Structures are given as C-alpha cells and as structure tokens.
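To keep things clear, I will list the structure first and then write my remarks on it.
Read-outs throughout are calculated quantities, based only on the coordinates presented, and are distinct from any laboratory measurement. Keep in mind that what you see is a predicted model, and the values were worked out from it rather than measured. Positions of Cβ are backbone-derived with ideal geometry, glycine not excepted, and every protein chain shown enters the neighbour counts.
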Amino acid sequence: METERMVLREWRESDAEALFKYASDPDVGPRAGWPPHKSVDESREIIEKLFCNDHTWAIELKTTGEAIGCIGYYPFGESNIRIGENDAEVGYWVGKPYWGQGICTEALHELIDYCFHEKGFATLWGDFFPDNPASGRVMEKSGFSDTGLINCCSHLYHAADRPVKVLKLENSNILYREILLHRDPSQVEGLMRFFKTGPGQYGEGDRFLGIKVPVTREVVKACWQETGFKELEGCIVSQYHEVRLAALLTLVEIFSHAKKNRELQQQCIDFYLSHTLYINNWDLVDLSCYNLIGTWLLDKDRKLLYDLARSGKTIWEQRIGIVSTMQLIRHGQTDDTFAIADILLHHKHDLIQKAVGWLLREAGKRDVTALKAYLQPRYKEMPRTMLRYAIEKFPESERLLYIA
C-alpha cells in the first residue's frame, strides 16, 4: 500500500535497528500498551514473531526509506476488545520525531480503504488510552465515532488501571456489508472446485465466501437502490467472487431501471468496460454482459463486440464479445452471433468453445435454417466441444451426421 508520503510494506529483518531506534523510546510504547524495546535483538525477534504476518505493515517514509512506525489490524479472535466475526481492530504507532505531522492519519486512511474494499470488513474498531488523546484524534479524523464503551485490557502494558476508550467505523457500503452477512464457510471448498481455482486453472487464486447465486440476488434486490458507483467500485475490486458478482448484478439493476436516463446507462456501460479485469470467471460474464452490453447495443453499432472477440486481453473479454449477442438473438438479430463465432471459430480454450457453441445453439432456436447454413461449410473444422454445444437441440439422427 502506498500514500503520498509513505509505503506500507511487510516488515523485514533488516528493519530491526530502525525499529529499536523508535520503539525503545519510553514515550512511544507505553502509550500504545507495550513496553519499550530493550535491544536490537529484541526488536528483531518481535519482527520475526509478531510482525511477519498478512495484517501488519511497516510505515516506511519515502524520503528516507526507513521504517518509522507500524500499522495493522487484529482480525476476529486476535483483537484486544470484543468484535464481530466480520470486523477488525486497527492499531498504529509512529516514532516520536514524526508526531504531529499527520503520518498516522495518512496511513490509517490507506488501511481503512484496504480493510473495507480489499478485506471486506463490516466494522473497524479502535481503542486508545485516555492519556494518549492524540491517538483518539487520529481515529476521529478518519471517521471513527465514540461508542461510549470503556474496556479494560489488563494484558496490555501498564493497563491494569488504564481502561481504553472504544471507537468504531462502520463500512458505509451497504451492499458489501450485507453480502458478508451471508457467508457460509461450509460451501467455500465446493465453490472453489466448481470454479476451478486451483494452480493453473482458469479461476486460479479466486476466493469465495460460500454464498450461492440466489442468495446474492436477494441481497442485490434489497440493496441496489442504496448503492452508487462509489460503492460498486469498492465491491468490484473485492478479492471475493460473490462480492464482485453482487456488484455486477447491482450494475444490471441500475442500468435496467434507467431506461429513460441514457446518461446513467452510459455510466453503467463505461463502468463495466473499465473493470473487465475483475470480471474474471464465466458466471461473472454470463450473468451480466448481455443484460448490459447486449441491451445497450440493440440500437447501436456492434463494433465493440467484434473488438472484444478479436482483441480482448483475456478470455473473459473475448467471452463478453460473444455472450453479449444473447440479447441481440432475443430480439431476432442473429447475424452478429454468426459473424463473431467466425472470429472465435478456432479458439483453443474450451470456455470460449462452449460459449460460441451455446450462442450458436441459441441463434438456431430463432432460425434453425440459418444455423444449419452456418454449420455446413464449417462443422468439420470446428472444435468438437463447440460443435456439440451448437447442435445439442438437433434430433439425434441429425447430430450423428455432424459428429460422425
């Protein structure tokens, strides 16, 4: 993570001396609930045992390249105060020479953005000792509000008679919050297998919350009217597949309900096309593209679809090019489907082969004569997967003639 003045990065063993320089100051640690460091070796051990994880970062000043402080969050089960399963507690400190310069506030803003938009936490919590009001002001400047709660964290340094004041910041993205409430860990493994998230597979690295599509649709139905493009931005970049799907389904709702607002519809299309990097699995494509792109192009030039099919940067952009023609087919317009199928006729990826075959089959439902005319000079060279999908609705006797 990076801000104007700093980089929030992983801690390194080589940071031990810098850490000791600032963490040995008796005015720093006790204010945050930990004792001053006694040696460089102790600082090195703390880096190795406490800081080397996926939720603790060094605050590195760009001008010096030195680690001058620390920031991170405690997930559920590790926090100093009682928080929810979808919550986190933030913590931070900076060396005394950098007090009063807005360093912690700048770093906290970046952490908040990461926690809400990347990690998807519902609420962030923070606490501070009353004799360290500057820490409380950092949270207040970042939008945290006083809960009125006082908490005793006796396990912290010199905290037995120093209760902390508790503040919180709720994720204002209602769509994100509501989706997280429906997570089901028992479904995660099955969804990861179904969407091929293993090494080398098309969905490699994708993460799931365990939420099935009907549930996601219900959440979208309840939240779309309270969701704007800022909230969609926070959802579409999420590491979680279901949150990205919720963003796309919400975009479809906004677009569909803006029939007389061409400007808003254009915004929806622009948003969609500028975020194709995150539309990165077949369901994300198929449940969104023809209701958006296909509908938008019903009365417009279709060059966009040809460009996506021919020059798409990913198989997902190419799939958008062909699947978007579904809406055209439903309006009796099949020519573009056949033309784009020609562009993708020899594509080697089975997800494109299946998509092309599927759309050819749909075109055939409208005009079987046109489909047969398309297949006749091409069926011998078509990938077998594509062909099987295209002729699936033919009588068995006809299918056998094509695949013999």
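What to note about this one:
- Helix content alone sets the calculated 222 nm mean residue ellipticity of the chain: runs of n ≥ 4 DSSP H residues at -39500 (n - 2.57) each, divided across all residues, give -12500 deg cm²/dmol.
- Dipole of the chain computed with +1 at Lys/Arg Cβ and -1 at Asp/Glu Cβ about the Cα centre; of Gln333, Gly200, Ala134, farthest Cα towards the positive end is Gln333.
- Taking Cα centre as origin and charging only the Cβ of basic (Lys, Arg, +1) and acidic (Asp, Glu, -1) residues, the dipole magnitude of the chain rounds to 1780 debye.
- Built amide H within the under 5 Å cut-off of Glu89, gap 5+: Tyr74, Trp125
- Shape call, the range 36-113: gyration tensor on alpha carbons, a/c limit 1.5: oblate
- Relative contact order (%) - criterion: Cα under 8 Å, at least six apart; region: the chain: 8 percent
- Under the membrane-span-like helix rule (DSSP H runs whose alpha carbons stretch at least 20 Å along the helix axis, mean Kyte-Doolittle hydropathy 0.0 or higher), the chain yields 241-256.
- Whole-Å distance, taken between Cα centres, linking the range 271-310 and the range 7-60: 48 Å
- Answer label, with volume of the Cα convex hull per residue in Å³ calculated from the coordinates and candidates (1) 141; (2) 182; (3) 173: (3)
- Those lysines that a straight Cα-Cα span of less than 29 Å connects to Lys168, excepting residues fewer than 8 apart in one chain: Lys49, Lys96, Lys119, Lys141, Lys221, Lys230
- Distance between the pseudo-spin-label points of Asp301 and Leu50 (7 Å out from Cα toward the beta carbon): 6.3 nm.
- Glu392-Arg378 pseudo-label distance in nm [points 7 Å out on the Cα-to-Cβ vector]: 1.8 nm
- Stretch gain in nm, segment Glu10-Ser311, where the contour uses 0.36 nm per residue and the Cα spacing is subtracted: 104.6 nm
- Assigned charges on the beta-carbon of Lys, Arg, Asp, Glu; the range 6-171 dipole about Cα centre (debye): 360 debye
- Residues whose amide H comes within less than 5 Å of that of Ile59, counting only those at least five positions distant or on another chain, are Ile68, Gly69, Cys70, Ile71 (H built at 1.01 Å from N in the peptide plane).
- Gyration tensor verdict on the range 316-391 (Cα atoms; rounded if a/c is under 1.5, prolate if a/b is larger than b/c, oblate otherwise): oblate
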